[in-house]
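Contents: one structure, followed by commentary.
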Amino acid sequence: MEKIGTSVPVSGRRCKVVCIKKNTADSVEILLKDESGEPFVFKPGQFFMVNVEIDGQMVRRTYSATNAPGEFDGALRLGVKRRPGGLVSGYMNDRLKVGDEVVVKGPGGKLVPTEGRGPRHLVLIAGGSGVTPMISMARTLLASEPDTSISLIYCNRCLDDVMFLQELNELVDSNHDRFRVFHVLKENAEGWSACAGRLNVDILRDILNGLPAVDEYLVCGTPEMMTGVCGYLAELGVPASVIRTETFNVPEDI
Ligand SMILES: Cc1cc2nc3c(=O)[nH]c(=O)nc-3n(C[C@H](O)[C@H](O)[C@H](O)COP(=O)(O)OP(=O)(O)OC[C@H]3O[C@@H](n4cnc5c(N)ncnc54)[C@H](O)[C@@H]3O)c2cc1C
């Protein structure tokens, strides 16, 4: 078991890795429990700052909760996708193990659905690991707001890159007309129910035309994807006041 050195002055909640499993070839799901037994309190869509000790150096990165608050007995579930050459995402995918200790600060972030009780329809648009806060929102709102429906537009390179695929399918199956997922795949979309190509204004318009009126859009992904999607939404006449965004770029302090 790796324990964080006591000499390292890092503030936050000391947590144990209680479960870690492959999600895709390039990502892992990590379940963290506070050593004090205190549950994690957060809003769906928020993120935490995670400090890990790698070869004697304390490093920190930001990761979003993927569970609904209170699920998994108050634990925090993360989904970490390997970034090529990435220090922390590589460590978490290759070396982190059950029993290891990490220090967690947070929550933070404003990519949170507006407080409200349905009926309402939210459209979530995510690219790659940007799906993590969306999973938390879907799990939370489908369980707590029986009149709310959610449509997720999820962009990836190919099917093998789709994080939480099985979980998304299960959520669709158990929430029939309240949860829809539209996969947009750049490669190898043939024979599979997905839109082929990179998300563009035409694909987005086609998807949105088939949906009920939208109350709010929540968008998360790389800076490049965010610029694209926000531009397409503006082109489609969606007012900025109903769009909430979060960019997965450089780590920020909480
Ligand atoms: C609010 C927020 C929430 C996040 N939530 C998640 C999450 O739930 N799951 C997840 O997998 N990741 C998430 N991230 C990204 C995460 O914080 C790290 O940036 C990512 O894991 C890469 O860290 P690393 O140490 O592996 O890469 P580093 O060693 O820091 O960087 C490796 C290389 O990748 C580049 N790079 C690093 N991060 C990015 C980036 N985001 N975009 C473009 N280039 C980059 C660096 O410039 C460098 O060239 C989130 C980021 C933010 C800001």
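The values are calculated or read from the model by the stated rules, or taken from the named source; none is laboratory data. Because the structure is predicted, anything quoted here is derived from the model rather than measured. Quick reminder, even Gly has a Cβ in these numbers, built from the backbone with ideal geometry, and neighbours come from all protein chains shown.
Within segment 165-195, track down each residue that is of a type in the set (Phe, Trp, Tyr) and more than 23 Å from GLU216 (Cα to Cα). Break it down into steps so the answer makes sense when it comes.
Here is the first cut: in segment 165-195, the ones of a type in the set (Phe, Trp, Tyr) are 179, 182, 192.
Listed by number, the list holds a single entry, TRP192.
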> Has segment 181-197 got any residue that is modelled with pLDDT of 95 or more, in contact with a Pro (Cβ under 9 Å, 6 or more places away or on another chain) and either in a helix (DSSP H, G or I) or closer than 30 Å to GLU235 by Cα (or both)?
Replying inline: no
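Can you tell me which residue is farthest from the ligand (Cβ to nearest atom) among those in segment 65-103 that are among the charged types (D, E, K, R) and farther than 16 Å from MET134 by Cβ?
Going through segment 65-103, the residues among the charged types (D, E, K, R) turn out to be 71, 73, 77, 81-83, 94-95, 97, 100-101.
Adding the requirement that they be farther than 16 Å from MET134 by Cβ leaves 73, 82-83, 94-95, 97, 100-101.
Numbers: ASP73: 21, ARG82: 7, ARG83: 4, ASP94: 11, ARG95: 12, LYS97: 17, ASP100: 16, GLU101: 18 Å.
Checking each candidate, the answer is ASP73.
For segment 147-158, how many residues are within 17 Å of the chain's Cα centre (by Cα) and surrounded by fewer than 19 Cβ atoms within 10 Å (Cβ to Cβ)?
Filtering segment 147-158 for residues within 17 Å of the chain's Cα centre (by Cα) gives 150-157.
From the residues that got through so far, the ones that are surrounded by fewer than 19 Cβ atoms within 10 Å (Cβ to Cβ) too are 157.
Number of matching residues: 1.
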> Which of the following residues is under 30 Å from LEU159 (Cα atoms) and either within 15 Å of the ligand (Cβ to nearest atom) or under 17 Å from the mean Cα position of the chain (by Cα) (or both): VAL52, VAL28?
Replying inline: VAL28
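Could you list all residues from segment 105-136 that are among the hydrophobic types (A, V, I, L, M, F, W, C) and more than 13 Å from the ligand (Cβ to nearest atom)? If you could, list the steps in order and put the result at the bottom.
The initial filter retains those residues of segment 105-136 that are among the hydrophobic types (A, V, I, L, M, F, W, C), namely 111-112, 122-126, 131, 134-135.
Of everything in segment 105-136, those that are among the hydrophobic types (A, V, I, L, M, F, W, C) and more than 13 Å from the ligand (Cβ to nearest atom) turn out to be LEU122, VAL123, LEU124, ILE125.
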> Does at least one position in segment 6-26 carry a residue that is among the acidic types (Asp, Glu), at pLDDT 95 or above and not in a loop (DSSP other than H, G, I, E, B)?
Replying inline: no
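Residue by residue through segment 236-254, note down the ones that are away from the ligand (no atom under 16 Å from the Cβ) and at pLDDT below 80. Break it down into steps so the answer makes sense when it comes.
The initial filter retains those residues of segment 236-254 that are away from the ligand (no atom under 16 Å from the Cβ), namely 236-243.
Within segment 236-254, no residue meets the criteria.
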> What number of residues in segment 176-220 are in contact (Cβ under 8 Å) with a residue 12 or more places away in the chain and on the phi > 0 side of the Ramachandran plot?
Replying inline: 2
> Is there any pair with a first residue in segment 130-142 that is part of a helix (DSSP H, G or I) and a second that is near the ligand (Cβ under 8 Å from one of its atoms) and among the β-branched types (Val, Ile, Thr) whose Cβ atoms are under 7 Å apart and which are 6 or more apart or on different chains, and what are they?
Replying inline: THR132/THR66; ILE135/THR66; SER136/THR66
